[in-house]
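FYI, it's all coordinate maths here, none of it is from the lab. Everything numeric in this text was worked out from a predicted model, so none of it was measured. All Cβ positions, even for glycine, are placed from backbone atoms using ideal geometry, and neighbour counts span all protein chains on display.
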Amino acid sequence: MSVDGAGTQHGDGGADEPGWDVDPDDESGVAVIATVGRQIKAWRESAGMRAGEFGAAIGYGEDLVYKVEGGRRIPRPEFLDRADEVLRAGGKLAAMKQDVAEVRYPKKVRDLAKMEAKAVELAAYGNHNIHGLLQTETYMRALLATRRPAYSRPELERMVEARMARRSVFEREPAPEFSFVQEEVTLRRPIGGTMVLRQQLERLVEVGNLPNVEIQVMPTCRGDHPGTGGRIQVLKFGDGSAVGRTDNEFAGRPVSDPKQLRILELRYGIIRARALSPGESLAFIEQVLGET
């Protein structure tokens, strides 16, 4: 197991866990992690174990134990499994993994994942990078590493895991309908290097062949479309409601007003019509793959 942050160890000899601090602005997350922390502390004290002794028994540092018990650190599933075993909690602590899993990622990512999980249709136009749901792990890791100021290593891992978790939407039954339009430049920019890009292009071909997914490419030579304002995404739900977002309007916030959604759907429809067809696009991606 890797150690926390820069790979340091605490003075008590236990390695800190590669977990994440709780965002104080995430009220629901704060409440859940505080409850989990209190339960762990209560079980530890009931077992007559000191924090350092308990940490050594489960393979983590005393400082990490205090952070988890104080509701300041989100414990990983293996932490809860070991705690349950050592404290003989009979599965009660391990059962908290589900509650922790729901708040382990940043709130804005959780909110997006919940919407994607409920959507029956998803339409997305990307003009700068490959859409997050289409990214390989190596691509997203390299892409997130370009951020400035840079993410710390725990933050980077948290973002990668959160984005990977969102990909489960492709495994849903019944499967939602996906429509992606990617600018040609997103297929050619070597984020992470040539091999990372090749793997990413292979992933696009794989996903693009799914029966419920259409990926279209917008050739750079086509300038007559309304995508110059940035990304567009529209999610539609089974009850007829929808939510959309774009970079350059509505303050970049999600919108559900029918008039605002009509604008986004109009733009996306034109963009989709100007792009290569799905069949032409897969052939184009394979061509770029062969050139990479």
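Quick look at the values:
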read-out: Bridge type composition, the stretch 107-291 - antiparallel percent by DSSP, nearest 5; value: 50
read-out: Semi-axis lengths, Å, the stretch 180-292, gyration tensor of Cα atoms, sqrt of 5 times eigenvalues; value: 27, 15, 14
read-out: Average Cα contact separation per residue, the stretch 20-101, under 8 Å, 6 or more apart, as relative contact order %; value: 33
read-out: Whole-Hz couplings from phi, Karplus 6.51/-1.76/1.60, listed for the stretch 210-218; x for Gly and Pro; value: 5, x, 9, 10, 10, 10, 10, 10, 9
read-out: Taking the chain and dividing mean pair separation by its residue count, relative contact order in percent (alpha carbons under 8 Å, at least six apart); value: 16
read-out: Amide H contacts of residue 60 (H built 1.01 Å from N, under 5 Å, at least 5 apart or other chain); value: none
read-out: Amide proton proximity set for residue 232, modelled H, under 5 Å, gap of 5+; value: 125
read-out: Leading residue at positive end of dipole, the chain (Cβ point charges), from 212, 119, 164; value: 119
read-out: Net length gained if the chain between residue 107 and residue 189 were fully extended (0.36 nm per residue, minus Cα distance); value: 26.6 nm
read-out: Added length on full extension, which subtracts the Cα-Cα distance from 0.36 nm per residue, residue 27 to residue 153; value: 42.9 nm
read-out: Within the chain: Cβ-based charge dipole about Cα centre, in debye rounded to nearest 20 (Lys, Arg +1; Asp, Glu -1); value: 480
read-out: Computed log₁₀ I(q)/I(0) - Debye formula, equal Cα scatterers, no solvent, the stretch 20-101, q 0.12, 0.15 Å⁻¹; value: -0.28, -0.44
read-out: Cα centroid separation, the stretch 34-106 to the stretch 140-186 (Å); value: 29
read-out: For residue 76, residues with placed amide H under 5 Å, excluding near neighbours; value: none
read-out: Residue 273/residue 165 FRET efficiency (R0 30 Å; Cβ-Cβ; nearest 0.05); value: 0.35
read-out: The chain - convex hull of the alpha-carbon atoms, volume per residue in Å³; value: 150
read-out: Chain lengthening between residue 88 and residue 224 when straightened (0.36 nm per residue, less Cα-Cα); value: 42.4 nm
